[in-house]
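Structure record follows, encoded as structure tokens.
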Amino acid sequence: METLQDILDAAARGVLPPPDGRTTVVAQASHRDAGVLAFTAHAVVFTDEDPRWVYDTLAAVPCDALAAPMNPRFLAAFLDRTGRTSETIDAMLVGSPLPGEPALPLKEISDGEHPRIVYARRRRADVRAWTTEGGVLVLGRGIAGRLEVSVEVDEGVRHRGLGRALVTAARHLATEPLWAQVAPGNARSMRAFQAAGYRPVGSEALLIAG
């Protein structure tokens, strides 16, 4: 049986689910994460809830069937059913590892109470973080154990290419596909990731355990 990890591993290789208009329901890889992944004309709902509930609820959403898994009515019902929280629907991007050392000078943070690390631990395990002048880079294991990256750039040094440099550096630190979740409205971040070689493969709505 295909697992969530199988689907993500294939997507990282460029092999996406078939664009057949269907929704696949798979089990959660951990208690922490449930949610929806939307690819081209195919959605994946990962949950430990009864798959029949998922399909019945999707069928009752008054919209095009392709849009139903990311429709606010379905997501609200999903949140109510599971008692989870969610922040936003993100674009899902993936980049391959790069050889060599990062061009950007980085210093790993040893303070586990750093605000960025504390925030990342809500969504990821095995969190590590590095600083450079004006920015922070964070890596950790998120959905189905995939390696995920996030960055933060100080307001005073924005528009200077630091975001792109940080997410490029992350690819040098990785030895496996590196995933990013980016709010579609954050055009600055989307441009930085794409300029650094990350490619969009879909969108996701992550439901976090309280």
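Would you pick out the residues in region 117-132 that are modelled with pLDDT of 90 or more and out of contact with any Pro (no Cβ under 8 Å at 6 or more places or on another chain)? First the steps, then the outcome.
Just the residues of region 117-132 that are modelled with pLDDT of 90 or more, to begin with: 124-132.
Result: Arg124, Ala125, Asp126, Val127, Arg128, Ala129, Trp130, Thr131.
With respect to the conditions (1) in contact (Cβ under 8 Å) with a residue 24 or more places away in the chain; (2) under 18 Å from Arg124 (Cα atoms), Ala192 lacks only one, and its number is (2).
Between Asp20, Asp48, which is more than 18 Å from Thr3 (Cβ to Cβ) and more than 19 Å from the chain's Cα centre (by Cα)? It would help to see each step written out before you state the result.
On the way: Asp48 fails: more than 18 Å from Thr3 (Cβ to Cβ).
None of the other options fit; the residue is Asp20.
The single residue among Leu8, Leu79 that is over 19 Å from Pro184 (Cβ atoms), assigned to a helix (DSSP H, G or I) and open to solvent by 30 Å² or more (accessible area, probe 1.4 Å) turns out to be Leu79. The residue that is surrounded by the fewest Cβ atoms within 10 Å (Cβ to Cβ), among those in region 116-161 that are under 22 Å from Asp33 (Cα atoms) and among the basic types (Lys, Arg), is Arg122.
Has region 42-60 got at least one residue that is at pLDDT 95 or above, open to solvent by 40 Å² or more (accessible area, probe 1.4 Å) and in contact with a Pro (Cβ under 8 Å, 6 or more places away or on another chain)? No: zero hits. Could you check, for region 192-200, whether at least one of its residues is in contact with a strand residue (DSSP E or B) (Cβ under 6 Å, 6 or more places away or on another chain), closer than 16 Å to Glu101 by Cα and of a type outside the set (Val, Ile, Thr)? So far as region 192-200 goes, no, none of its residues is in contact with a strand residue (DSSP E or B) (Cβ under 6 Å, 6 or more places away or on another chain), closer than 16 Å to Glu101 by Cα and of a type outside the set (Val, Ile, Thr).
Taking the criterion of being in a loop (DSSP other than H, G, I, E, B), over 19 Å from Ala183 (Cα atoms) and more than 18 Å from the chain's Cα centre (by Cα), would at least one residue in region 141-156 satisfy it? There is no residue in region 141-156 that is in a loop (DSSP other than H, G, I, E, B), over 19 Å from Ala183 (Cα atoms) and more than 18 Å from the chain's Cα centre (by Cα).
The values are calculated or read from the model by the stated rules, or taken from the named source; none is laboratory data. Keep in mind that this is a model prediction, so the values were computed, not measured. Here the Cβ is made from the backbone with ideal geometry for all residues, glycine too, and neighbour counts use every protein chain on show. Areas reflect the complete protein model, heavy atoms only, side chains present, ligands, DNA and RNA absent. Shrake-Rupley method; radii C 1.70, N 1.55, O 1.52, S 1.80 Å.
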